[in-house]
Every structure is written in C-alpha cells, then in structure tokens.
Amino acid sequence: MEKIIYSSILALSLSIINVHSQIRKGDKLPESSTLQADYYVRESIPFPKGEVMEIGSIALMPDRKVAVATRRGEIWICTGAYEKDLSKVVWKKVYHAAHEPLGMYYKDGWLYFTDRGAVGRISDKDANGIYESYELINNDWGLTGDYHEYAFGSTPDKEGNIYTVHCLTGSFHAKAQWRGWCLKITPDGKAIPFSSGIRSPGGIGYNAAGDVFYTDNQGAWNGTSCIKPLKQGAFTGNPTGNVFYKDAPNMGKRPLDPINKSRIVTQAERIPEYMPPAIQIPHGIVGQSPTALITDTTKGKFGPFGSQMLVGEQTHSQVQRVYMEKVNDVYQGAVWKMLDGFRCGIVPMRLSDDGTLFVGGTNRGWASIGGKAFSFERVRWTGKVPFEMLEMKALPKGFEITFTEPVDEKLALDAANYDCKAWTYVYRAEYGSPEVDKLTPKVTRVEISSDRKSVKLTLDKMTKGHIHHINCDKLKSLSGASLWHSDVYYTLNEIPKE
C-alpha cells in the first residue's frame, strides 16, 4: 500500500512540475485564459505586507466586508474587496486562535467557523474591532494530530443546521471518533451522525434545491475525485469509518462492505445504503483535487449558468461548472471546465449577490500549478455571453445538450461532429484507478430544436455507471463562434425510463 501511495504522489509531483515548466515559458496562460478575459475578469486582491495568508475560509459580511480565515488560525476582515481600485483595500486582523478553519460564515453579528477540533463562533461585542468573544458550539469528533484530519464545515441550511465532513486519519484510517463521517450540527449544538463513507473531503455545499454535497478526493475506494451527495443514513463509498456505526444508533445497521476491485454500479445495487457519486471528475483530464462547492444564486449576475454548481480545483488552480439532475431519484450530471489562470490552488469560494466570486488559495502541502504560496482573487462577469454548452440531460437512448445561443444547424445535425467515449473506474481499496471498461459509443441520430439551442443525440449504446465524454469542437454557433469549452463529461448513474 505504501508503494502505491508514494508512486501516486511521485506521479502527481511530476505532472505539476511539467505543467509549471509549460507555464514558465514566456509566462503564457493556457489558451482558455486568454479567451476567458472576454467573459470573466479575474483580479488579485492585495494582502497586508509581510503577512502569510493561506486562505482556508471566506465569509461575506454586511457593509461589503469580506472575512477570511487562514490555515494558521487567523481571521481577518477586508474592506474594499468589492471596489474598483483594489490597491486601497484595508485589512484588520480580528482573531488568531482558530485551528486551521475550513468553513466560515457570518450570521447575526457572529462569525461561525469549523476548524480541526470544533465548530465555534466569535463576535465583537464591545465594538472595538477585535472579536474577543468565543463560544464553543460542538466538538464531538476526535483528533490524533495527524496532518490529514481536516474538518470542512458548511453554511447553515434552512433550519439552521450545519454539516461537517471529517477526513480519515492519514486519509486511510479511522483512528479517532467520526473520522470518515458527516455530522449534522443542530442550532443548539447537538451533533447527529448523518452520513458515512467519506475519505478525504475538500469542500461542502448545497445545490439549488438545498441538498448538501461534498467533494471527495481520489484515493482508496475513490477511483477518481467526485462530488457526492450527503443524505441522512446514507453511505458514500469508503467503508473505513463504518466502525463507528456502533456509536450511531440513528443510522441503522452497518452497511455491507463493498467488494474490492468491483464497480460502483454493481455495489450500488448490492448495498442499499450506498449513494454513488453524483459527478465523477475525470482524474488529470478535468481536475484532480476538487474543493469548494457553491451554487450560482445571483439570478444572472454571474453569467448564464444560474442555479448550477461551481467547483474549486486545488491542483489545477481552476473553477469547474456542474449541471446536475435527478434520474430515478438518483443525482447525476455533467461537468465542464470553466475558469482558470488562478495564481494558487483554490480551496474556499464565495459568490456574492452582486455576482462577485471571491476565491482563496493555498499551496502548502498541496502543490498547484498556480505557483504562488497563497492568494485572494475575485472574478466578475463582463456581461458577454460565451458560446457554451449550457446543460446536458440524460435521455432513454442518449443525451440532450442545450447551448447558450443557437447553433449552426448543418454542423449540429451531422452525427460525425460528436466524438464520444465512455469509461468507468475500478471500485477498489487501492489508491485511485485507471480508466477501465472503455467504450466508443456512436451518435446514430441528431434532432435539433426549433430555436436551434438544443440537440438530442441518440447513441447506439448507453452504459449505466460510465462517464460519457462528448467532444463538440466541430460545432459553431449561428454567428460563427466556436465553443469556449468543447468537452463535457456526464456521470450516468441511471438511465431514464422510456
């Protein structure tokens, strides 16, 4: 097992070095970044001189202030982060006793945060600019001091509950209480075991319907990195933490252990409690270290992708975009690359109501192509709509793809202009997986909508449990524009009924 881990780390390091060498030749950004400025403007927000600001959390506050928490345990408030002239931002350190907080939000005069050991909150009761009042909310999980025992915390749901996800010890073991679990923390501070099966989370958030999801990184029982749904009583895939079912009577009986070197689709049929990943992110192709999960609720102020999820990516210093749907009561959907060129590996993100995306970065322990040790950036939509795939939905015999603007009908109706591939990963205890069970589905029929904004593709074969990749780089819009991103990857957990 150690040889597998070390070889994976070596391969990751070599891939990062290779990407670094490409970027440093003339310091040119990837092609999508040069086009990206037409649609989205990325700007760096300057830090206080001499400070180390490895950002792990971001919270949006009243009066256009933004709070950030660093991995070193400090909490700062930034004034001016929304303004045109970012050289005039003002920073104030208000707290310095947290333990690597990876989740923070503001509510009713309090800053709430989840760190390695607890959920707590701080306030500035005497209004002197220092948040000296601390209250413990919950610390019912265990710690050994292992480097990987991260805890990520959500913002509150409609009932005021928050959700915490806890990395395994060393990302392989459950040596402290509730390692590998999600806990629901009620407004009165009670911890309720919520879901098991977690390996190494990188972020947690909600979709537009209010359901909670987390990102889990490639490793044991994760052939590739994923976005996984969390649900009361569910098991999300890694059995290591299931030793704590004895302490969770509300969860029912312990699920069956998955069969090693199997497939997700067969184990989901065998284990009733198992919820498969809603989105599998192809390793190295789309990303390899997913982090923050946020939903665009800006009603068009951040572009045409309202109600879709934005996903942070640490290793590739990118933001990805996800369209998700429910088929046979199971979540699944599509992922695209979206934004890149960030100067550090992304961990937290927050999207304000005015359409400003705040992105925090840190590299320590998690090398990224961004190059900087830490960063704080913002992104705003220019108002120009890119020609993109907007949505991708599963059909009984294929997929429907909707675009942001009408497509060239002649190109769209040519089945040869859709290059399809499909594969899955081995569901196993070893670290990660190669792509296996590879297929090359063929588009046998294309139908176009009357407004020319969507196409229905009939495939000769739909394979449950596979990622279906479609490349559409031969398509153009009616105005002659090429797709900004021409590759889409759909995780097909369920095939719709006729």
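The values are calculated or read from the model by the stated rules, or taken from the named source; none is laboratory data. What you see is a predicted model, and the numbers here were worked out from it, not measured in a lab. Positions of Cβ are generated from backbone atoms using ideal geometry, with glycine treated the same way; all protein chains shown enter the neighbour counts.
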How many residues, within the stretch 225-267, are aliphatic (A, V, I, L, M) and crowded, with 21+ Cβ neighbours inside 10 Å? 4
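Would you confirm, using the coordinates I've provided, whether Tyr163 is under 24 Å from the mean Cα position of the chain (by Cα), part of a strand (DSSP E or B), assigned by TED's automatic domain parsing to the domain that holds Asn238 and not small (Gly, Ala, Ser)? Steps first, please.
Details: under 24 Å from the mean Cα position of the chain (by Cα): yes; part of a strand (DSSP E or B): yes; assigned by TED's automatic domain parsing to the domain that holds Asn238: yes; not small (Gly, Ala, Ser): yes.
In short, yes.
Here is a yes/no grid of residues against (1) surrounded by 18 or more Cβ atoms within 10 Å (Cβ to Cβ); (2) touching a residue at least 60 places away in the same chain (Cβ under 8 Å); (3) not in a loop (DSSP other than H, G, I, E, B):
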| site | (1), (2), (3) |
| --- | --- |
| Asp63 | no, no, no |
| Val66 | yes, yes, yes |
| Ile122 | yes, no, yes |
| Asp126 | no, no, no |
| Ile130 | no, no, no |
| Leu143 | yes, no, no |
| His148 | no, no, no |
| Pro156 | no, no, no |
Does any residue of the stretch 43-61 turn out to be farther than 21 Å from Glu132 by Cα, at pLDDT 95 or above, in contact with a helix residue (DSSP H, G or I) (Cβ under 7 Å, 6 or more places away or on another chain) and among the aliphatic types (A, V, I, L, M)? yes
What strands (runs of 3 or more DSSP E), lying completely within the stretch 274-356, carry at least 1 residues that are free of Cβ contacts under 8 Å to residues at least 40 places away in the same chain, farther than 28 Å from Ile259 by Cα and in contact with a Pro (Cβ under 8 Å, 6 or more places away or on another chain)? 309-313, 318-327
Scanning the stretch 271-295 residue by residue, those surrounded by 21 or more Cβ atoms within 10 Å (Cβ to Cβ) and among the small types (Gly, Ala, Ser) turn out to be Ala278, Gly287, Ser289, Ala292
Which of the residues that make up the stretch 397-429 are aromatic (Phe, Trp, Tyr) and in contact with a His (Cβ under 9 Å, 6 or more places away or on another chain)? Phe399, Trp423, Tyr425
Against the conditions (1) assigned to a loop (DSSP other than H, G, I, E, B); (2) over 28 Å from Ser262 (Cβ atoms); (3) in contact (Cβ under 8 Å) with a residue 60 or more places away in the chain, where does Asn493 fall short? Just the number, please. (2)
Tell me, yes or no, whether the stretch 244-260 has at least one residue that is in a helix (DSSP H, G or I), in contact (Cβ under 8 Å) with a residue 60 or more places away in the chain, under 30 Å from Lys337 (Cα atoms) and in contact with a Pro (Cβ under 8 Å, 6 or more places away or on another chain). no
Hey, does the stretch 182-196 have a residue that's in contact with a Cys (Cβ under 6 Å, 6 or more places away or on another chain), in the same structural domain as Gln267 (by TED's automatic domain parsing) and buried (at least 16 other Cβ atoms within 10 Å of the Cβ)? yes
Right, Leu339: assigned by TED's automatic domain parsing to the domain that holds Asp63 and more than 26 Å from His469 (Cα to Cα) or not? no
What is the residue count in the stretch 166-200 for residues that are in a loop (DSSP other than H, G, I, E, B) and farther than 18 Å from Val212 by Cα? 13
Pick from the stretch 89-108, criterion of a type in the set (D, E, K, R) and over 17 Å from Glu135 (Cβ atoms), ranking: surrounded by the most Cβ atoms within 10 Å (Cβ to Cβ): Glu100
Across the stretch 49-61, which residue is surrounded by the fewest Cβ atoms within 10 Å (Cβ to Cβ) among those that are of a type in the set (A, V, I, L, M) and part of a loop (DSSP other than H, G, I, E, B)? Val52
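Against the condition part of a loop (DSSP other than H, G, I, E, B) and either out of contact with any Gly (no Cβ under 6 Å at 6 or more places or on another chain) or surrounded by fewer than 24 Cβ atoms within 10 Å (Cβ to Cβ) (or both), how does Trp366 come out, does it pass?
For Trp366, the condition - part of a loop (DSSP other than H, G, I, E, B) and either out of contact with any Gly (no Cβ under 6 Å at 6 or more places or on another chain) or surrounded by fewer than 24 Cβ atoms within 10 Å (Cβ to Cβ) (or both) - is met.
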Sole miss for Gly360 among (1) small (Gly, Ala, Ser); (2) surrounded by 24 or more Cβ atoms within 10 Å (Cβ to Cβ); (3) in a loop (DSSP other than H, G, I, E, B) is condition (3)
Identify, by number, the condition in (1) under 30 Å from Arg445 (Cα atoms); (2) of a type in the set (Val, Ile, Thr); (3) buried (at least 22 other Cβ atoms within 10 Å of the Cβ) that Thr402 doesn't meet. (3)
